[in-house]
Structure formats: C-alpha cells, structure tokens
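Once you've had a glance at the structure underneath, I'll fire off some questions.
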Amino acid sequence: MAENAMNSMDIHDILEHLPHRYPFVLVDRVLSMELGKEIVAVKNVSVNEPYFPGHFPYHPVMPGVLIVEAMAQAAALLSFKTMGTKPTNDSVYYFAGIDSARFKKPVSPGDQIILNVKIDRILKGIWKYSGVAKVGDEVVAEANMMCILKAIEK
C-alpha cells in the first residue's frame, strides 16, 4: 500500500471532515483513500431517506442531483484529508462546476452506491475531479466536478 494510502473512515471520522449534517450527509463509509489521488466511499440508500415520500412515492428513486452531491462529498473528504485540515465555520466547500453528468440507471431504496472519485488536478485553489457511482457492477451516474474552498464573508 502506498505511503499516502489510508484505510477506511467510519461515520464518526466522516462527520469530523464534512460540514454537512442530517439529512444531508450522503457518505456513510470510506472504504479506501489515496491522499492526493482517489477515494472509494459508500452511500447506503434507505427507504427512510427524507426525499423518497415526494420523489415518486409509488416508485421511489434517488434524485440524480443527490448522487452527484454524494460524489462531491466524497471529493470533499479526499480534499480535506489531502490538505490535512478539517472544515471550519469560517469557510465553505462549494461546487464551482459540474460537467458531463450522466445518469445511467435509477437508484432505489436498498441499493448501496459505491462512489469512486479521482482528483484530476488542483489549480489556483480549484479542485477538479472525475466521479463514478456504481450499484454492484453497474454504473448509475458519472460526472466531472469542480469545487473550491471559500472563506465565508461575515
């Protein structure tokens, strides 16, 4: 295993490295991470998610935008761990762009999404990533994302 590779993160570690809280934490576990390179994380999709009663009540489907958000949260975990920092009340990790988002298959309650996000490059504080979400061996979504850590103006 590479020197900058890490094993898993549980939900307690995740909550230390993400500013999100219920109902918007969309990463349940990190399976592996190579700092500065890649993260593999898990989102367990439960019928109890707050969006299901209104997002096709008779055929619940996880909104695609939330799958992309789950990939972005995995990217944020990778970035914070790579920088050796944690989120603070003085800054926010924002989306700067989403390109080439594709949704290949619906995600339903009971599915487990495997989120694989790679850092493509970091330039002038803008982080570019490529993300793929899979259920089993099937790709359900993919996107290229840009994020930036910005100070909160008070």
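Please treat every number below as a calculation from the coordinates, not as lab data. From a predicted model like this one, the values you see are computed outputs, not experimental measurements. Glycine gets a Cβ as well: all are built from the backbone with ideal geometry, and neighbour counts include every protein chain shown.
Using Cα pairs closer than 8 Å and at least 6 residues apart in sequence, work out the relative contact order for the range 5-151, in percent.
For the range 5-151, the relative contact order is 25 percent.
Let me know the shape class of the chain, please: from the alpha-carbon gyration tensor, a ≥ b ≥ c as square roots of the eigenvalues, rounded when a/c is under 1.5, otherwise prolate if a/b is greater than b/c, or oblate.
prolate
Measure nothing fancy, just the Cα-based angle from helix 64-83's long axis to the longest principal axis of the chain, in degrees from 0 to 90, nearest 10.
Result, in degrees: 20.
What distance in nm lies between label points placed 7 Å from Cα along the C-beta direction at I11 and Q112?
1.5
Report the gain in length on full extension from I152 to V92: 0.36 nm times residue separation, minus Cα-Cα distance, nm rounded to one decimal.
That pair, I152 and V92, stretches by 20.9 nm at full extension.
Dipole magnitude of the chain about its Cα centre, charges +1 at Lys/Arg Cβ and -1 at Asp/Glu Cβ only, in debye to the nearest 20?
Its charge dipole is roughly 360 debye.
Using a Förster distance of 25 Å, how high is the FRET efficiency between D120 and V42, based on the Cβ-Cβ distance and rounded to 0.05?
Efficiency for this residue pair is about 0.70.
What is the local net charge at D13, summed over the other residues whose Cβ is closer than 12 Å to its Cβ (Lys, Arg +1; Asp, Glu -1)?
0
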